[in-house]
Amino acid sequence: MSNNKEIVPVISKKDQSPLSKLQKQFNYRTKRIKNLKKKIDLFKERIDTYTVRFHKEIMPIEDQMVEEKVAFLKILDESYTDSFFKKKEKKIISQIIEQEAFELIQQLGMDELIALHDKHAEVDYATSIQNDKESGEVFAKTFIEEMFGVKVDDVGDLDNPEAFFILQEEVMKQMEEREQAYRAQRKQRKKTTTQQKKEDEREQKMKEEAQNLSKTSRTIYTSLVKELHPDAEQDETEKARKTEIMKKVTEAYKNNDFFELLRLQIEYKQGETNIENLQNDQLVYYNQILMEQVRDLQQEEYMLMYPPPPLNQIFQSIDMTKTYLKDQFMVGVLRANNELKMYKNTNKYVSDKKKLRKYLKDFVQQPTPEEDFFGFDGFFEV
């Protein structure tokens, strides 16, 4: 966008005449779009800033946590062969190693732990993954066949992109057929002449509105192109300036950014006069397009408000004061350091045979997986 972000398409009063309802709607929606764009830009800036900080300040701490988890597993593996521990205790050791190694392999891709996992697991890692995959495929197959009536076996291996595409096409075909059947069923219902006439008029009106909405944006875009296209410019400096302008115009039109087209019209074509002289029927379409853009921006604002991983570990919402976000991030750093310290203390603790025996006893007394099992992390709840 242009540096002149303060430019907002608004309709000013003519003489002392009050603004009409449509004109007020136009002004409200353009101002709303301006504020939404500003907020979205702020959210994006904050997400970018704290993502960089997370990778710089917290990620190294998390890497050290992983190292401590691996060290923990190695301590347990060495203890497994120690005659000091009873058979029942060794079984618990194997159980912990199997669970924690599996999570590290699956979540972090630490394939170097597969051998350690398989050493202590009744079912090796590759077989476990294959079993999970087959269970997922059976569920997906049953769901698709029951929901859409499509025979999954007829399209081949779903790991094959071409087969998956065929399945997708079949599902879409079934959905479309159901929709058409539903519409046909509705049409078969007896309607009075008046009801049918109203329905036909409504459908015709919707078609006309869709065409007019598309035409409205295209008209502004075309007028800007005609006046600002660089090919007709002889002066090289002016040609370069218009080239940059046309990039903005084209991007706005491509992104259905009607607000930006209006703003560019004002900035480069003195378009205030055009806006002031809009007739009511034109304002109806302008307001409808602007309302749709408001909804799109509201959805984008909502999606950005709740940050993606890994920032969701730190912030519940990015829509807070600058000071609050700064403090929350520092709390995140402090929490990560405390967790790392606990991992180190745990490794130091279980390095002693007697204390490891107590750890194993406490581990057994923790909630079962069905209740509330936290694995290695759960030790700190004990």
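The values are calculated or read from the model by the stated rules, or taken from the named source; none is laboratory data. Computed from a predicted structure; not experimentally measured. Because the Cβ atoms are built from the backbone with ideal geometry, glycine has one as well, and the counts that use them run over all protein chains shown.
Would a scan of the stretch 319-327 turn up a residue that is surrounded by 15 or more Cβ atoms within 10 Å (Cβ to Cβ), part of a helix (DSSP H, G or I) and out of contact with any Gly (no Cβ under 6 Å at 6 or more places or on another chain)? Yes: one or more hits. Is it the case, given these coordinates, that LYS226 is at pLDDT 70 or above, assigned to a helix (DSSP H, G or I) and basic (Lys, Arg)? So LYS226 passes the test. Residues that are in contact (Cβ under 8 Å) with a residue 60 or more places away in the chain and surrounded by fewer than 18 Cβ atoms within 10 Å (Cβ to Cβ) within the stretch 35-45 comprise LYS39, ILE40, LYS44, listed in sequence order.
Any residue in the stretch 181-203 that is in a helix (DSSP H, G or I) and either at pLDDT 75 or above or under 30 Å from GLU137 (Cβ atoms) (or both)? Within the stretch 181-203, one or more residues are in a helix (DSSP H, G or I) and either at pLDDT 75 or above or under 30 Å from GLU137 (Cβ atoms) (or both). Take LEU113 and tell me if it is in contact (Cβ under 8 Å) with a residue 12 or more places away in the chain, within 28 Å of ALA126 (Cβ to Cβ), surrounded by fewer than 17 Cβ atoms within 10 Å (Cβ to Cβ) and out of contact with any Lys or Arg (no Cβ under 9 Å at 6 or more places or on another chain). Spelling it out, it is not the case that LEU113 is in contact (Cβ under 8 Å) with a residue 12 or more places away in the chain, within 28 Å of ALA126 (Cβ to Cβ), surrounded by fewer than 17 Cβ atoms within 10 Å (Cβ to Cβ) and out of contact with any Lys or Arg (no Cβ under 9 Å at 6 or more places or on another chain). In the stretch 117-136, the residue that is surrounded by the most Cβ atoms within 10 Å (Cβ to Cβ) out of those that are in a helix (DSSP H, G or I) and over 32 Å from the mean Cα position of the chain (by Cα) is HIS117. Would you confirm whether or not the stretch 97-104 contains a residue that is among the polar types (S, T, N, Q), more than 30 Å from ILE245 (Cβ to Cβ) and not in a helix (DSSP H, G or I)? No: the stretch 97-104 contains no residue that is among the polar types (S, T, N, Q), more than 30 Å from ILE245 (Cβ to Cβ) and not in a helix (DSSP H, G or I).
Taken over the stretch 290-314, the criterion of being under 21 Å from GLN23 (Cβ atoms) and within 15 Å of the chain's Cα centre (by Cα) is satisfied by no residue.
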